[in-house]
Amino acid sequence: METKLILLVEDNADDELLMLRALKKNHILNRVVVARDGVEALDYLFSTGIYEGKDAEPLPQLILLDLKLPKLNGLEVLKRMRADQRTKYIPVVVLTSSTEEQDIISSYDLGANGFVQKPVDFNEFVEAAHQLGVYWLGVNRAVYPK
Amino acid sequence: MNNSPDSIEDLRISEIRYRRLFESARDGILILDFETRKITDVNPYTLEFLGYPREYFLGKELWEIGLLKDEEESAAAFRELQENHYVRYEDLPLENRNGEKWEVEVVSNVYTENNRQVIQCNIRDITSRFKAEEKLERLNREIERQAVAFKTLLSSISDMTFTFDRELRFRYANQSVEVLYGKKLEELIGKNFADLTYPEDLTAKIRQNLQQVFETGESVKGETLFPDTTGEIGFYEYIFNPVVSADGTVEIVVGSAREITERKRTEETIRKLNETLELRVAERTAELKAANKELEAFSYSVSHDLRAPLRAIDGFSRALLEDHAEQLDETGQNYLSRVCAASTHMAQLIEDLLNLSRLSRSEMRPASVNMSNLVREIAEMMQEGEPERTVKFTIEDDVIVMGDERLLRIALQNLLGNAWKFTSKRVQAEIVFGQLQNGEKTEYFVRDNGAGFDMAYADKLFGVFQRLHTVKEFDGTGIGLVTVQRIIHRHGGFIRAESKVGEGAAFYFTL
């Protein structure tokens with residue numbers, strides 16, 4: 001059985017720490033891999049760049065994707081993921097500060113599975129993480145085409 | 001004289017014929033004795049004509065029956081008769097017995113009868129012919145008079161009027177045309193307009209237009225450039241109208257022309273002005289669009305960039321509280337919880353500011369809005385949100401206005417939300433919505449019986465983030481009323497407030 005892995009794509013160190021803490025508080029003990037920008041995220045998924053040559057990394061069960069990333073932004077990452085057979089079906093939840101409707105629309109347009117706003121209030125943050133975990137890691141059924 | 005039996009018979013027949021003519025003629029015939037000049041015979045028509053019996057005429061001279069004026073004229077007439085054996089009066093007046101006046105033509109001949117000289121006077125009634133001639137002359141004079149009046153009229157107007165015949169020659173031109181060509185009417189009449197000094201390209205157009213009128217029988221309008229006597233070129237508009245005869249052909253074209261140089265110049269100026277204006281409007285619109293875009297980018301940036309550090313502040317404060325509580329004393333924990341509260345508050349402020357700015361930028365979509373329904377919906381929602389509260393709503397029906405439904409909803413939400421909030425400490429909370437007439441204007445109002453405020457600070461009500469209560473008393477950022485005011489202003493209206501501390505508040509607005 002594959003370990004249920006979460007890929008967190010987040011450039012902000014504070015947000016990263018808070019997210020990890022939130023997941024821990026919710027007893028979500030899955031391994032979390034963090035990518036600090038869009039390029040790193042894709043490198044991980046496709047075993048390219050910094051991940052080249054190493055043993056193939058397992059594909060994540062869930063990807064938490066921030067939109068504002070250096071180098072390649074979140075929407076770009078999403079687009080490329082959805083274009084590749086290997087990563088086409090991996091659930092992606094866009095996690096971002098933005099409430100701009102255009103961002104939400106674009107995310108769904110490009111194939112995101114969910115859109116959650118990062119709240120300022122940390123408790124809400126934890127609650128959001130809890131709900132994410134319950135659904136995407138528990139109830140939802142994922143698929144990994146060979 | 002031949003006395004043969006044939007000639008006697010011929011004579012007799014001749015006599016009879018003559019007599020018959022004499023009797024039946026429809027002209028008057030008088031026979032006069034040459035020596036005495038007296039009437040010896042008169043035919044029936046004369047009697048009928050003049051109304052006198054035979055006896056009246058016999059033995060009288062012509063002037064005695066009114067044919068000639070007097071003896072003198074009679075003498076003159078006879079002298080001429082003697083000389084020429086013929087005299088003719090074209091037109092003599094004659095009055096009959098009833099006083100009716102006639103005009104007659106009189107022809108007199110002398111001939112010999114039985115060796116005596118006899119005068120035969122033929123009198124023909126030419127009254128009707130005379131009257132007709134007289135009428136004709138009168139008509140001609142009238143026509144002449146009207147023609148002169150007409151020409152004078154045409155010459156007194158500043159437009160040019162003219163007439164062309166089929167050979168495109170001037171038949172008539174008014175004074176303005178004379179001025180244009182610097183020629184008198186006499187010099188223009190009969191000249192083909194092309195012969196008068198003309199630039200060829202202009203001639204061609206006018207010639208074509210004229211010919212078109214002659215051929216089709218329909219008017220032609222046009223505009224053209226034309227030089228005057230000084231060589232200055234002006235703009236003229238003209239119209240050629242056909243004069244259609246009874247058989248459908250056009251013999252004459254009448255036309256008029258007017259100088260429109262000034263008008264053309266003005267039109268050109270206006271056109272250029274409009275172009276410049278449109279250009280400026282386009283520029284201004286582009287500037288506005290750009291400014292709006294900048295604002296949008298700014299808001300977007302704010303919504304991302306300000307929130308992230310806030311999240312960190314709040315998050316880690318809480319983390320400290322939760323994970324390291326034992327390392328902090330009560331004061332420390334107190335401080336940290338204040339930090340949390342502050343960051344939450346700040347987040348709300350940012351949210352409110354962003355909404356306010358978005359509001360000011362958004363487009364208005366005017367429609368007919370039933371505010372009573374909106375108030376009812378909002379009241380229901382608020383009640384659902386806090387079911388334990390009992391608030392009595394009095395909502396006037398059918399308050400319908402023209403406005404943007406979305407914006408009005410937000411405004412009402414704010415006003416009602418405030419009323420709801422500030423009545424929270426009342427046991428029997430009451431909120432009223434309705435409309436009333438204040439002079440000429442219709443005012444809409446939301447009134448509550450809540451905490452109210454001191455009117456002395458009323459002008460602070462609508463300041464951004466201004467509050468008249470502490471957060472402890474009533475929660476809020478103080479941006480609600482600013483939002484309402486902005487919405488009301490965008491509808492071209494005005495909002496005012498009335499209140500007494502402890503007796504509730506009322507907000508009145510127009511749209």
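Quick notes on this structure:
- Highest mean packing first, where packing is the average number of other Cβ atoms within 10 Å per residue, the peptides A:29-40, B:51-62 line up as A:29-40, B:51-62.
- Fluctuation leader among A:E57, A:E76, A:E127 - chain A, Gaussian network, Cα springs under 10 angstrom: A:E57
- Average silhouette area of the range B:351-485, convex hull of alpha-carbon atoms, in square nanometres: 9.2 nm²
- Separation of the alpha carbons by more than 25 angstrom is noted, of B:K421/B:K500; B:K38/B:K101; B:K151/B:K205, for B:K151/B:K205.
- Spherically averaged projected area in nm², based on the convex hull that wraps the Cα atoms of the range B:171-254: 5.6 nm²
- Label-to-label distance, nm, for residues given as B:R79 and B:E380 (7 Å Cα→Cβ offset): 13.2 nm
- Per-residue average of Cβ from other chains inside 10 Å of A:13-24: 3
- Distance between the pseudo-spin-label points of A:N123 and B:F34 (7 Å out from Cα toward the beta carbon): 16.1 nm.
- Shown here is the pair-distance distribution of the range B:169-314: with all Cα-Cα distances grouped in 5 Å bins from zero up to the longest one, the shares run 2, 7, 11, 14, 12, 8, 6, 5, 4, 4, 4, 4, 3, 3, 3, 3, 3, 2, 2, 1, 1, 0 percent.
- Normalised per residue, the volume of the convex hull around the Cα set of the range B:251-328 (Å³): 120 Å³
- The alpha carbon radius of gyration of the range A:77-127, expressed as a multiple of 2.2 N^0.38 Å, is 1.27.
- Alpha-carbon gyration tensor eigenvalues x 5, square-rooted, for the range B:16-140, Å: 24, 17, 14
- Within 10 Å of each Cβ in B:315-321, the average number of Cβ atoms from other chains: 5
- Rounded to whole Å, sorted largest first: equivalent-ellipsoid semi-axes of the protein assembly as shown, Cα gyration tensor: 125, 37, 24
- A P(r) calculated from all alpha carbon pairs of chain A, with 5 Å bins opening at zero, reads 2, 10, 20, 25, 23, 14, 5, 1, 0 percent.
- Taking the helices alone, the protein assembly as shown has a mean residue ellipticity at 222 nm of -14500 deg cm²/dmol, built from -39,500 (n - 2.57) per DSSP H run of at least 4 residues and averaged over all its residues.
- Residues B:H324, A:H27, arranged from fewest to most other Cβ atoms within 10 angstrom of their Cβ, appear as A:H27, B:H324.
- Averaging the sequence gap over all C-alpha pairs within less than 8 Å and six or more residues apart, then dividing by the number of residues, gives the range B:53-142 a relative contact order of 18 percent.
- Whether the range B:399-438 is rounded, prolate or oblate, judged on the alpha carbon gyration tensor where a/c under 1.5 counts as rounded: oblate
Read-outs throughout are calculated quantities, based only on the coordinates presented, and are distinct from any laboratory measurement. Small disclaimer: the values here were computed from a predicted structure and weren't measured. Positions of Cβ are generated from backbone atoms using ideal geometry, with glycine treated the same way; all protein chains shown enter the neighbour counts.
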